[in-house]
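Participant: Just passing along the structure, written as C-alpha coordinates.
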(Lines give C-alpha, C1' and ligand atoms only; values in the text may rest on other atoms or scores of the structure.)
Protein backbone atom coordinates (compact mmCIF):
# COMPACT_ATOMS: atom_id res chain seq x y z
CA UNK A 1 0.00 0.00 0.00
CA UNK A 2 2.94 2.38 0.79
CA UNK A 3 4.51 1.86 -2.67
CA UNK A 4 1.24 2.77 -4.37
CA UNK A 5 1.06 6.01 -2.40
CA UNK A 6 4.63 6.86 -3.37
CA UNK A 7 3.90 6.24 -7.06
CA UNK A 8 0.85 8.47 -6.87
CA UNK A 9 2.94 11.19 -5.22
CA UNK A 10 5.59 11.00 -7.94
CA UNK A 11 2.98 11.17 -10.69
CA UNK A 12 1.10 14.02 -9.15
CA UNK A 13 4.19 16.15 -8.55
CA UNK A 14 4.78 16.56 -12.24
CA UNK A 15 1.24 17.26 -13.45
CA UNK A 16 -1.08 18.52 -10.68
CA UNK A 17 -1.00 21.66 -8.53
CA UNK A 18 -0.15 21.32 -4.86
CA UNK A 19 -3.66 21.89 -3.57
CA UNK A 20 -5.14 19.35 -5.92
CA UNK A 21 -2.45 16.87 -5.14
CA UNK A 22 -3.33 17.11 -1.40
CA UNK A 23 -7.00 16.46 -2.07
CA UNK A 24 -6.18 13.47 -4.29
CA UNK A 25 -3.84 12.01 -1.73
CA UNK A 26 -6.44 12.55 1.03
CA UNK A 27 -9.13 10.77 -0.94
CA UNK A 28 -6.78 7.93 -1.80
CA UNK A 29 -5.74 7.50 1.83
CA UNK A 30 -9.34 7.60 3.02
CA UNK A 31 -10.26 5.00 0.41
CA UNK A 32 -7.45 2.72 1.46
CA UNK A 33 -8.29 3.10 5.16
CA UNK A 34 -11.98 2.38 4.48
CA UNK A 35 -11.04 -0.72 2.52
CA UNK A 36 -8.83 -1.97 5.32
CA UNK A 37 -11.53 -1.38 7.94
CA UNK A 38 -14.13 -3.17 5.85
CA UNK A 39 -11.82 -6.12 5.47
CA UNK A 40 -11.24 -6.31 9.21
CA UNK A 41 -14.97 -6.18 9.94
CA UNK A 42 -15.70 -8.93 7.42
CA UNK A 43 -12.97 -11.10 8.88
CA UNK A 44 -14.26 -10.71 12.42
CA UNK A 45 -17.82 -11.71 11.38
CA UNK A 46 -16.69 -15.06 9.97
CA UNK A 47 -17.20 -17.79 12.66
CA UNK A 48 -14.15 -19.65 13.85
CA UNK A 49 -14.47 -23.09 12.38
CA UNK A 50 -12.01 -24.45 14.91
CA UNK A 51 -14.11 -23.42 17.90
CA UNK A 52 -17.58 -24.33 16.66
CA UNK A 53 -18.90 -27.87 16.85
CA UNK A 54 -21.84 -29.30 15.02
CA UNK A 55 -24.38 -31.20 17.19
CA UNK A 56 -26.11 -33.96 15.36
CA UNK A 57 -29.03 -35.85 16.90
CA UNK A 58 -28.23 -39.40 17.91
CA UNK A 59 -30.65 -41.81 16.30
CA UNK A 60 -32.46 -44.14 18.69
CA UNK A 61 -33.99 -47.48 18.04
CA UNK A 62 -36.72 -47.11 20.62
CA UNK A 63 -40.18 -46.33 19.21
CA UNK A 64 -41.88 -43.04 19.99
CA UNK A 65 -44.70 -44.79 21.81
CA UNK A 66 -43.71 -47.85 23.80
CA UNK A 67 -45.94 -50.90 23.86
CA UNK A 68 -48.03 -51.45 26.99
CA UNK A 69 -46.85 -54.12 29.45
CA UNK A 70 -47.50 -57.75 28.62
CA UNK A 71 -48.13 -56.91 24.97
CA UNK A 72 -46.04 -58.17 22.11
CA UNK A 73 -45.80 -55.45 19.42
CA UNK A 74 -45.24 -58.11 16.77
CA UNK A 75 -48.41 -59.88 17.73
CA UNK A 76 -51.17 -57.43 18.71
CA UNK A 77 -53.60 -60.22 19.46
CA UNK A 78 -51.60 -61.18 22.57
CA UNK A 79 -52.47 -57.90 24.23
CA UNK A 80 -56.18 -58.64 23.94
CA UNK A 81 -56.14 -61.80 26.01
CA UNK A 82 -57.02 -60.09 29.26
CA UNK A 83 -59.87 -58.23 27.62
CA UNK A 84 -61.40 -61.31 26.09
CA UNK A 85 -61.08 -63.44 29.23
CA UNK A 86 -62.60 -60.86 31.58
CA UNK A 87 -66.05 -61.84 32.72
CA UNK A 88 -68.92 -59.45 32.73
CA UNK A 89 -70.91 -59.26 35.99
CA UNK A 90 -73.99 -60.15 33.99
CA UNK A 91 -72.38 -63.17 32.30
CA UNK A 92 -72.54 -65.43 35.33
CA UNK A 93 -75.10 -68.20 34.95
CA UNK A 94 -77.22 -68.71 38.02
CA UNK A 95 -79.34 -71.74 38.54
CA UNK A 96 -82.99 -70.96 38.87
CA UNK A 97 -84.62 -72.32 42.00
CA UNK A 98 -86.75 -75.36 41.63
CA UNK A 99 -90.41 -74.65 41.23
CA UNK A 100 -92.81 -75.84 43.95
CA UNK A 101 -94.39 -78.23 41.45
CA UNK A 102 -91.09 -80.07 40.84
CA UNK A 103 -90.45 -80.36 44.58
CA UNK A 104 -93.97 -81.65 45.15
CA UNK A 105 -93.36 -84.54 42.75
CA UNK A 106 -90.68 -85.92 45.09
CA UNK A 107 -92.91 -85.85 48.19
CA UNK A 108 -96.12 -87.53 49.26
CA UNK A 109 -98.80 -86.47 51.73
CA UNK A 110 -99.18 -88.93 54.60
CA UNK A 111 -101.56 -88.97 57.56
CA UNK A 112 -99.84 -89.60 60.88
CA UNK A 113 -101.82 -90.10 64.09
CA UNK A 114 -101.49 -89.13 67.74
CA UNK A 115 -103.86 -89.70 70.68
CA UNK A 116 -105.91 -86.83 72.04
CA UNK A 117 -105.54 -85.32 75.50
CA UNK A 118 -108.09 -87.73 76.95
CA UNK A 119 -106.18 -90.70 75.53
CA UNK A 120 -109.40 -91.98 73.95
CA UNK A 121 -109.07 -91.38 70.23
CA UNK A 122 -106.60 -90.46 67.48
CA UNK A 123 -106.00 -87.12 65.82
CA UNK A 124 -104.79 -87.12 62.21
CA UNK A 125 -102.14 -84.75 60.88
CA UNK A 126 -101.13 -84.39 57.24
CA UNK A 127 -97.38 -84.17 56.59
CA UNK A 128 -95.24 -84.05 53.44
CA UNK A 129 -92.67 -86.83 53.39
CA UNK A 130 -90.06 -87.98 50.85
CA UNK A 131 -91.66 -90.38 48.43
CA UNK A 132 -88.80 -92.89 48.39
CA UNK A 133 -88.85 -93.52 52.19
CA UNK A 134 -92.19 -92.16 53.34
CA UNK A 135 -92.94 -95.18 55.59
CA UNK A 136 -89.73 -94.96 57.63
CA UNK A 137 -90.11 -91.19 57.96
CA UNK A 138 -93.73 -91.58 59.13
CA UNK A 139 -92.62 -93.98 61.87
CA UNK A 140 -89.89 -91.55 62.96
CA UNK A 141 -92.41 -88.68 63.08
CA UNK A 142 -94.85 -90.61 65.26
CA UNK A 143 -92.08 -91.64 67.70
CA UNK A 144 -90.87 -88.02 67.88
CA UNK A 145 -94.33 -86.68 68.62
CA UNK A 146 -95.07 -89.32 71.27
CA UNK A 147 -92.59 -87.58 73.61
CA UNK A 148 -92.81 -90.00 76.54
CA UNK A 149 -91.24 -88.67 79.72
CA UNK A 150 -87.84 -90.20 80.63
CA UNK A 151 -88.14 -92.69 77.78
CA UNK A 152 -85.91 -92.48 74.72
CA UNK A 153 -85.12 -94.67 71.75
CA UNK A 154 -81.78 -94.84 69.94
CA UNK A 155 -83.27 -96.24 66.75
CA UNK A 156 -85.99 -98.21 65.00
CA UNK A 157 -86.29 -100.37 61.90
CA UNK A 158 -89.35 -101.27 59.82
CA UNK A 159 -89.68 -104.48 57.80
CA UNK A 160 -92.69 -105.75 55.86
CA UNK A 161 -93.53 -109.36 55.06
CA UNK A 162 -94.88 -109.21 51.48
CA UNK A 163 -96.76 -112.52 51.87
CA UNK A 164 -98.66 -111.62 55.03
CA UNK A 165 -98.54 -107.81 54.63
CA UNK A 166 -97.51 -107.55 58.28
CA UNK A 167 -95.07 -104.80 59.28
CA UNK A 168 -92.62 -105.32 62.12
CA UNK A 169 -91.14 -102.33 63.94
CA UNK A 170 -88.00 -103.23 65.87
CA UNK A 171 -87.04 -100.72 68.60
CA UNK A 172 -83.73 -100.02 70.24
CA UNK A 173 -84.08 -98.41 73.66
CA UNK A 174 -81.30 -95.91 74.39
CA UNK A 175 -78.77 -97.07 77.00
CA UNK A 176 -79.32 -93.92 79.09
CA UNK A 177 -83.12 -94.20 79.04
CA UNK A 178 -84.49 -94.29 82.63
CA UNK A 179 -87.60 -96.20 81.62
CA UNK A 180 -88.33 -99.37 79.64
CA UNK A 181 -91.38 -100.56 77.74
CA UNK A 182 -92.62 -102.48 80.75
CA UNK A 183 -92.71 -99.31 82.82
CA UNK A 184 -94.92 -97.34 80.41
CA UNK A 185 -98.46 -96.55 81.47
CA UNK A 186 -101.42 -97.81 79.46
CA UNK A 187 -101.97 -94.34 77.98
CA UNK A 188 -98.28 -94.04 77.04
CA UNK A 189 -98.37 -97.48 75.44
CA UNK A 190 -101.53 -96.55 73.55
CA UNK A 191 -99.92 -93.28 72.45
CA UNK A 192 -96.84 -95.04 71.06
CA UNK A 193 -97.98 -98.41 69.78
CA UNK A 194 -101.54 -97.42 68.92
CA UNK A 195 -100.46 -94.33 66.95
CA UNK A 196 -97.89 -96.36 64.98
CA UNK A 197 -100.36 -99.09 64.16
CA UNK A 198 -103.03 -96.58 63.09
CA UNK A 199 -100.57 -94.65 60.92
CA UNK A 200 -99.25 -97.70 59.05
CA UNK A 201 -102.57 -99.45 58.50
CA UNK A 202 -104.67 -96.43 57.52
CA UNK A 203 -102.40 -95.31 54.66
CA UNK A 204 -103.52 -97.44 51.69
CA UNK A 205 -100.35 -96.92 49.63
CA UNK A 206 -98.40 -99.21 51.98
CA UNK A 207 -101.04 -102.01 51.99
CA UNK A 208 -100.23 -103.07 55.56
CA UNK A 209 -102.75 -105.25 57.40
CA UNK A 210 -101.17 -105.48 60.84
CA UNK A 211 -98.18 -104.26 62.87
CA UNK A 212 -95.94 -106.11 65.32
CA UNK A 213 -93.46 -104.59 67.79
CA UNK A 214 -90.10 -106.01 68.85
CA UNK A 215 -87.11 -104.84 70.89
CA UNK A 216 -83.80 -105.89 69.32
CA UNK A 217 -85.55 -108.77 67.57
CA UNK A 218 -87.58 -109.94 70.59
CA UNK A 219 -91.34 -109.46 70.62
CA UNK A 220 -92.52 -106.88 73.13
CA UNK A 221 -95.00 -108.36 75.61
CA UNK A 222 -96.91 -105.82 77.69
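The values are calculated or read from the model by the stated rules, or taken from the named source; none is laboratory data. In this text the structure is predicted, and so the values were computed from the model without any measurement. Positions of Cβ are generated from backbone atoms using ideal geometry, with glycine treated the same way; all protein chains shown enter the neighbour counts.
Participant: Yes or no: residue 208 assigned to a loop (DSSP other than H, G, I, E, B), within 30 Å of residue 106 (Cβ to Cβ) and at pLDDT 95 or above?
Facilitator: In short, yes.
Participant: Continuing with the same structure: Going through 209, 198 one at a time, which residue ends up being touching a residue at least 24 places away in the same chain (Cβ under 8 Å), assigned by TED's automatic domain parsing to the domain that holds residue 107 and surrounded by 15 or more Cβ atoms within 10 Å (Cβ to Cβ)?
Facilitator: Testing whether each residue is touching a residue at least 24 places away in the same chain (Cβ under 8 Å), assigned by TED's automatic domain parsing to the domain that holds residue 107 and surrounded by 15 or more Cβ atoms within 10 Å (Cβ to Cβ) leaves just 198.
Participant: In the set 181, 151, which member is touching a residue at least 24 places away in the same chain (Cβ under 8 Å), over 16 Å from residue 211 (Cβ atoms) and surrounded by 12 or more Cβ atoms within 10 Å (Cβ to Cβ)?
Facilitator: On inspection, the qualifying residue turns out to be 151.
Participant: What residue, of 108, 127, 139, is touching a residue at least 40 places away in the same chain (Cβ under 8 Å), under 43 Å from the mean Cα position of the chain (by Cα) and either surrounded by 11 or more Cβ atoms within 10 Å (Cβ to Cβ) or on the phi > 0 side of the Ramachandran plot (or both)?
Facilitator: Of the residues listed, the single one that is touching a residue at least 40 places away in the same chain (Cβ under 8 Å), under 43 Å from the mean Cα position of the chain (by Cα) and either surrounded by 11 or more Cβ atoms within 10 Å (Cβ to Cβ) or on the phi > 0 side of the Ramachandran plot (or both) is 108.
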